[in-house]
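Worksheet for the structure shown next.
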Amino acid sequence: MAASIAPTSTSFINKELDLSAFSLSRPLSLQRCKRTIPKKICSVMAPQQSERSPATTGSVKTAMTMTEKILARASEKTQLSPGDNVWVNVDVLMTHDVCGPGSIGIFKKEFGQNAKVWDREKVVIIPDHYIFTSDERANRNVDILRDFCTEQNIKYFYDIKDLSNFKVNPDYKGVCHIALAQEGHCRPGEVLLGTDSHTCTAGAFGQFATGIGNTDAGFVLGTGKLLLKVPPTLRFVMDGEMPDYLLAKDLILQIIGEISVAGATYKAMEFVGTTVESLSMEERMTLCNMVVEAGGKNGVVPADSTTYKYLEDKTSTPYVPVYSDEKARFLSEYRFDISKLEPLVAKPHSPDNRALARECKDVKIDRVYIGSCTGGKTEDFLAAAKVFLASGKKVKVPTFLVPATQKVWMDLYSLPVPGSGGKTCSQIFEEAGCDTPASPSCGACLGGPKDTYARMNVPQVCVSTTNRNFPGRMGHKEGQIYLASPYTAAASALTGYVTDPREFLH
């Protein structure tokens, strides 16, 4: 299904429509030029007026998008436009065990060995990537984080010391992007930066969230500020009732397949429409999580009652949501009728290599992986359990389950699956023959050390709920990864082939 692209009130070039519309300070001057006078320059002079005193109502404001408004407020500006470079005040900085040591090293080198971070309560440090491993360098990374947090008295450090049993580490959370939401660090209208490309996940809360490098993070640690260029915004309008065999992963795979992995390079991606409004917070997080796979600077969903309900018991910090103005300028607008969309996969070796799941039914697979910041949330596992429950069958290939956080792990063992008669996800997974849910972490999504759980150490074909399928992404450089929703992943586990979940979800 192709998207329809609507012309917008924009001063930018709309490449899709091959139109060039330029903002004019005096548009009426063109209308008054008579077309009967060829090859001549027409000019219109405004009638002479008496001298007026200066206006007292302030400068004229141009309509802004959500992203522009958030960055304007964070930079203490009244007006911003795409391309502006501004110093932004950061509300939250997140780093983890892979990039944290490097960021800390740069901070100490540039600000001094005894320097203090700009605000110990705005720095969030979450070990999550290479945790359950015997690799000494990976373990040392966590030690560096711990020493720094002790030295700086960092308030939000989610530590893990006993790797043999994650449950005895009450502070340990798991995947940073899910933990940020669960622990109340995501709030509408704020600026959240993180040393991980999928920091854009937090845009689901109506905030500006993007990944940055270690050098930028070192600077933010010392100053609480960062120089950012304001991105133009692409708007994605998704309407129609969501079929019960689709998940947000299908929506974002459709979008990336439509615009390509470079289609949103350094652009904001704003998601609106009745379909988006119907999504839960976790599904909105999936949507925003993969904007970086399209090259996006950030993704954003307008905050609403669903957002506020989620945040009720998670944060006491006041926040002020913002929304795009009615006449805001969008670089392009894409429209989708989601009621007509079918389950999708992204074939190797790119997230934009879109295909219908049913078109890949002859692809034999070796394994299924359900986990990561994209597909390892509570609702992702509930979706997989729904497919296993509906089939009543056992999986035909090894099926690895890696909960994103400790809370998700607990949910698998405590929340009843709707329509199961009280069974939990863990019980349904066991009956289906899946592997026992692993310790919460990023797991094999990034590959990791050789002893990482579920890492592909030999060439295999895998259906995965993760976000990237580049060569070597989950371990072996010759592995083949089909990105899919939890529905499609579970259905594929039951057949041993890439499978449309409608085969089991009637």
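Whenever a residue of the stretch 177-188 is within 16 Å of Phe208 (Cα to Cα), its partners that are open to solvent by less than 10 Å² (accessible area, probe 1.4 Å) and aromatic (Phe, Trp, Tyr), lying with C-beta atoms within less than 6 angstrom and at least six residues away or across chains, give the pairs Cys186/Phe205; Pro188/Phe205.
Report, by residue number, each residue of the stretch 453-487 that is in contact with a His (Cβ under 8 Å, 6 or more places away or on another chain) and surrounded by fewer than 23 Cβ atoms within 10 Å (Cβ to Cβ). Talk me through it step by step, then tell me what you get.
Kept after step one, since they are in contact with a His (Cβ under 8 Å, 6 or more places away or on another chain), are these residues of the stretch 453-487: 456-460, 467, 469-471, 480-481.
Once the filter is applied, which keeps residues that are in contact with a His (Cβ under 8 Å, 6 or more places away or on another chain) and surrounded by fewer than 23 Cβ atoms within 10 Å (Cβ to Cβ), the stretch 453-487 yields Asn457, Val458, Pro459, Gln460, Phe470, Pro471, Gln480.
A single member of Val276, Val292 is under 18 Å from the mean Cα position of the chain (by Cα) and under 27 Å from Glu241 (Cβ atoms), and it is Val276. You will find that of Tyr319, Tyr308, the residue that is part of a helix (DSSP H, G or I) and not β-branched (Val, Ile, Thr) is Tyr308 and no other. Just one of the numbered conditions (1) under 30 Å from Tyr156 (Cα atoms); (2) surrounded by fewer than 22 Cβ atoms within 10 Å (Cβ to Cβ); (3) more than 17 Å from the chain's Cα centre (by Cα); (4) of a type outside the set (Phe, Trp, Tyr) is not true of Val322: (2).
Out of everything in the stretch 147-181 that is open to solvent by 50 Å² or more (accessible area, probe 1.4 Å) and under 21 Å from Lys122 (Cβ atoms), what residue ends up being nearest to the chain's Cα centre (by Cα)? Across the stretch 147-181, the extreme among qualifying residues is Tyr156. Annotation: of all residues in the stretch 476-501 being more than 22 Å from Lys377 (Cα to Cα) and not in a loop (DSSP other than H, G, I, E, B), the one that is farthest from the chain's Cα centre (by Cα) is Thr495. Taking each residue of the stretch 370-383 that is within 16 Å of Gln182 (Cβ to Cβ) and open to solvent by 10 Å² or more (accessible area, probe 1.4 Å) and looking for partners that are among the acidic types (Asp, Glu) and assigned to a helix (DSSP H, G or I) with beta-carbon atoms closer than 8 Å, six or more apart or interchain, yields Thr378/Glu282; Thr378/Asp411; Glu379/Glu282; Glu379/Glu283. Given the structure, is Val88 open to solvent by 30 Å² or more (accessible area, probe 1.4 Å), modelled with pLDDT of 95 or more and either under 16 Å from Leu193 (Cβ atoms) or of a type in the set (A, V, I, L, M, F, W, C) (or both)? Judged against the criteria, Val88 is not a match. Only residues that are under 27 Å from the mean Cα position of the chain (by Cα), closer than 14 Å to Ile370 by Cβ and small (Gly, Ala, Ser) were counted in the stretch 412-440, giving 2. For first residues located in the stretch 305-327 and farther than 21 Å from Lys69 by Cα and of a type outside the set (Ser, Thr, Tyr), partners that are open to solvent by less than 40 Å² (accessible area, probe 1.4 Å) and in a loop (DSSP other than H, G, I, E, B) and lie 6+ apart or on another chain with Cβ distances below 6 Å form the pairs Lys314/Gly184.
The values are calculated or read from the model by the stated rules, or taken from the named source; none is laboratory data. Values in this document were obtained by computation on a predicted structure and should not be read as measured data. Every residue, glycine as well, gets a Cβ built from its backbone with ideal geometry; the counts of neighbours run over all protein chains shown. Note: accessible area is taken over every heavy atom of the protein model, side chains too, but ligands, DNA and RNA are not part of it. Shrake-Rupley method; radii C 1.70, N 1.55, O 1.52, S 1.80 Å.
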